[in-house]
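Okay, so here's the structure we're looking at.
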Amino acid sequence: MRGETQRAATVGVAENSNSAVLITVARGGELLDRRRIDLTDRGLSTHPHHHEGSWAVGRYLNIPGARALSLADAVALVERVRASAARGACEALDALAAAVPVPITGIAIRACPELPPTIEERIADNRAQTMADSVMYREALATAAEARGWFVHWYDRGRVFRDAAEALGRQDIDAFLCVMGRSIGPPWQAKHKLAAAAALAATARPAQRC
């Protein structure tokens, strides 16, 4: 059992709209995989709550490209995008699990703010509609991971680098991440470091299921 635990890997996610960077690390910090994924089908709206949803309730109709549509049509679009994201998340995690040479046991995803429960309410709420699309994509990845039996660690972006340092028993996580980046070569940008830190931080919390 201890040997299997030592061979376990964790995925860190840094999402941006409907795409995400995934960094997979082994227990102890070995970099196993780096990849970028797109969650939705080409041609679909990437921000249906924020764009089309806002237009449906009369926001931003004076900007270029805006068009009038009904709330029902906006909700239907969100549902199509959500279904596409769910499929994309399952396919992406299936491909990752097949490519990584050790079992993946968990994934670290940026914590989601609390939002109204329905699509209609999220569209109508001025604050919620700016965050609802990102939350939708994070939830798609979490659901796909849980379906595979992985734990989901919801990380706090403001403290994830400190948590990663604590998980490794180090004071200088920046130096560790720089070495990790050199081991794989470019690109190694802020989003890659964030995803790597999230994966490292999650290795210290293998029992979390929130």
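Yes or no, residue by residue, for (1) within 17 Å of ALA145 (Cβ to Cβ); (2) in contact (Cβ under 8 Å) with a residue 24 or more places away in the chain; (3) among the polar types (S, T, N, Q):
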position	(1), (2), (3)
THR10	yes, yes, yes
GLU30	no, no, no
LEU39	yes, yes, no
GLU52	no, yes, no
TRP55	no, no, no
TYR60	no, no, no
ALA76	no, no, no
GLU79	no, yes, no
ARG82	yes, yes, no
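Considering region 98-194, the qualifying helices (runs of 4 or more DSSP H), each wholly inside and each with 1 or more residues that are under 20 Å from LEU31 (Cβ atoms), run over 128-147, 160-168, 173-184.
Is it the case, given these coordinates, that THR130 is surrounded by fewer than 17 Cβ atoms within 10 Å (Cβ to Cβ), of a type in the set (Ser, Thr, Tyr) and closer than 18 Å to GLU79 by Cβ? So THR130 does not fit the description; no. Among the residues of region 74-89, not one is under 20 Å from ILE23 (Cβ atoms) and open to solvent by 60 Å² or more (accessible area, probe 1.4 Å). Annotation for region 170-181: no member residue is under 22 Å from SER17 (Cα atoms), surrounded by 14 or more Cβ atoms within 10 Å (Cβ to Cβ) and at pLDDT 95 or above. Checked against (1) of a type outside the set (S, T, N, Q); (2) open to solvent by less than 10 Å² (accessible area, probe 1.4 Å); (3) touching a Lys or Arg at 6+ places or on another chain (Cβ under 8 Å); (4) under 17 Å from THR24 (Cα atoms), ALA202 meets all criteria but (3).
The values are calculated or read from the model by the stated rules, or taken from the named source; none is laboratory data. Here the structure is a predicted model, which is why all the values come from computation and not from measurement. Heads up, the Cβs are rebuilt from the backbone with ideal geometry, glycines too, and the neighbour counts pull from every protein chain shown. In case anyone asks, the SASA skips ligands and DNA or RNA and just uses the protein heavy atoms, side chains included. Shrake-Rupley method; radii C 1.70, N 1.55, O 1.52, S 1.80 Å.
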